[in-house]
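Take a look at the structure set out below.
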Amino acid sequence: MTTAGPRARLVAAVRILAICLAATLVVLLVVMWWGSLRPGAYSLTEHAAGHGGASGGVSVADLTADADRAADVKVELTARHETVQLASGASFEGYTLNGATPGPTIRATQGQLVEVLLRNEDVAGGVTLHWHGVDVPAAMDGVAGVTQDAVGPGESFVYRFVAEQAGTFWYHSHQISHEQVIGGLFGMLVLAPAEETAVTDVVAAVHTYPNGIRTVSGEPGVMHVPAQPGDRVRVRVANTDNVPLSVWSGAPFVLRAVDGGELSQPPPIEGKRVTLTAGARVDVEVEIPASGGVSVQLPGASIVLGADPGPAPQPTEILDLLSYGEPTDLPFDPEQPDRSYRYDIGRMPGFIDGKPGFWWTVNGKIGDDIPMFMVKEGDVVRMTITNGSGEVHPMHLHGHHMLVLSRNGEQATGSSWWVDSLNVEHGDTYEVVFVADNPGVWMDHCHNLPHAAEGLIAHVMYEGVTTPFMLGHDTGNNPE
Ligand code: C2O
Ligand code: CU
């Protein structure tokens, strides 16, 4: 008979310890996995209740435009799933509105009531329309499972809102948006100022379809626009893709507006490019020279006004909107906020609805653990957005415009820089402020839509506002 030596006993002890650790880890993972499983149906109101928010009051469905006011602009849009043929002859499986993609450009004048009847002919997953950058009443925001139910095949929905803003906007489906938007379910919305202007305008929706072809308002690569020397042309450029783009020209240009917001006293720009983040718009104004034409360019796309001057190389220097134009007075004090929040973007491994992954985080949380940003009507809300996630994120807040106060500690000194879509690079810290003047439940998410589908979504919820709409597998609502 032999007894185990001290070495053998140590080995046995280490083994037992390792087995215990492994077992604990497995139990932990199972608990995390189990905890991440989503119920078949749940509402953001219940979610907020779990985070110290949401109680009684108004349903988001009741936050509509004046029901008794007649429409000034009426549009009908029919969504279809079909094989889309581009002008170049290339085709892909996608989506159309009234048989085309982009859908028709909707034009209205500031102050008018816009009414859009959306019909879904045969898009199996359902559709909605979100008015990107327009601060519509909450019930009209078009987010499936948050402000309405997805519109199923054979169904319809009426959107009504007063165009309080003037500027360049766009609309897109907010149901399975990471697939439907790239596939074609979008269009442009131009809200003209009430006063007439002597400038012609051109709408340029830059979009890369699932077949990889970059287009400008449906034209592969180049859009030609007739123009005469001496004409002033405002090019309304929208980035409907998932990644940031740059805009430049070989000729001097003026940046008139960002995300629909007119800039104050913008000087001419030469030898610089403008960053146009995903979802964002810029209005670029050029004057056609006596020599012929001007080209407004983006990578793989251009808008040629008049005679083609040929391509200009992309400038390396980026226009800094922190110091472009002249400041104007604000109707509120951004230094006296009623609430201050952080929106820290990161990444970590974990589970969302039982799926393991290396997920985006907001304030260290993933998926449904991301807390609600609760606000009260009238609040001045300050938000510090940081990005330590390793990738750029175009951050988009619904229903409000954010004023950029600083980037990486550098204060804004130029024209008030209002955005609904902000390019937040890895390593950046932005301080922004917005006024909570539009009650509802509002998404505040990354507009790289596959990132949103990977959980980079938070919500701003007003106290006293609830949503009767449900998210989850059993509901048919899937906003990302
Ligand atoms: Cu352009 Cu949440 O959307
Ligand atoms: Cu992102």
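Numbers at a glance
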{"quantity": "Relative contact order of segment 68-151, defined on C-alpha pairs under 8 angstrom at six or more residues apart (%)", "calculated": "29 percent"}
{"quantity": "Estimated distance in nm for a label pair at Ala290 and Thr105, the labels positioned 7 Å out from Cα along Cα-to-Cβ", "calculated": "3.0 nm"}
{"quantity": "Long-range Cα-Cα pairs in segment 70-146 (distance over 14 Å), rounded percent", "calculated": "68 percent"}
{"quantity": "In range of the label at Ser323: residues from segment 375-416 whose backbone nitrogen is under 12 Å from the point 7 Å along Cα→Cβ", "calculated": "410-414"}
{"quantity": "Relative contact order (%) - criterion: Cα under 8 Å, at least six apart; region: the chain", "calculated": "18 percent"}
{"quantity": "Ile19 paired with Glu377, simple spin-label distance in nm, labels 7 Å along Cα-to-beta-carbon", "calculated": "6.5 nm"}
{"quantity": "Over 21 Å [Cα-Cα, segment 350-480], rounded percent", "calculated": "44 percent"}
{"quantity": "DSSP bridge orientation in the chain - percent antiparallel, rounded to nearest 5", "calculated": "70 percent"}
{"quantity": "Residue list for segment 318-349, given a label point 7 angstrom along the Cα-to-Cβ vector of Val243 and an amide N cut-off under 19 Å", "calculated": "318"}
{"quantity": "The chain: calculated mean residue ellipticity at 222 nm from DSSP helix runs of at least 4, using -39500 (n - 2.57)", "calculated": "-3000 deg cm²/dmol"}
{"quantity": "All-pairs alpha carbon distance profile, the chain, 20 Å steps from 0, percent", "calculated": "23, 54, 17, 4, 1, 0"}
{"quantity": "Hits among aspartates and glutamates - C-alpha to C-alpha of Lys376 under 14 Å, sequence gap 8 or more where chains match", "calculated": "Asp338, Asp437, Glu463"}
{"quantity": "Point-to-point label distance, Glu195-Leu10, nm (Cα→Cβ direction, 7 Å offset)", "calculated": "8.6 nm"}
{"quantity": "Under 30 Å from Lys355, Cα to Cα: lysines that are on another chain or at least 8 residues apart", "calculated": "Lys365"}
{"quantity": "Cα-based Rg and Dmax for segment 246-353, where Dmax is the largest Cα-Cα distance (Å)", "calculated": "18.6, 61"}
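No value in this document is a laboratory result; all are computed from the given coordinates. On a predicted model such as this, the values are computed, not experimentally measured, just so you know. Cβ: placed from backbone, ideal geometry, glycine included. Neighbour counts: every protein chain shown.
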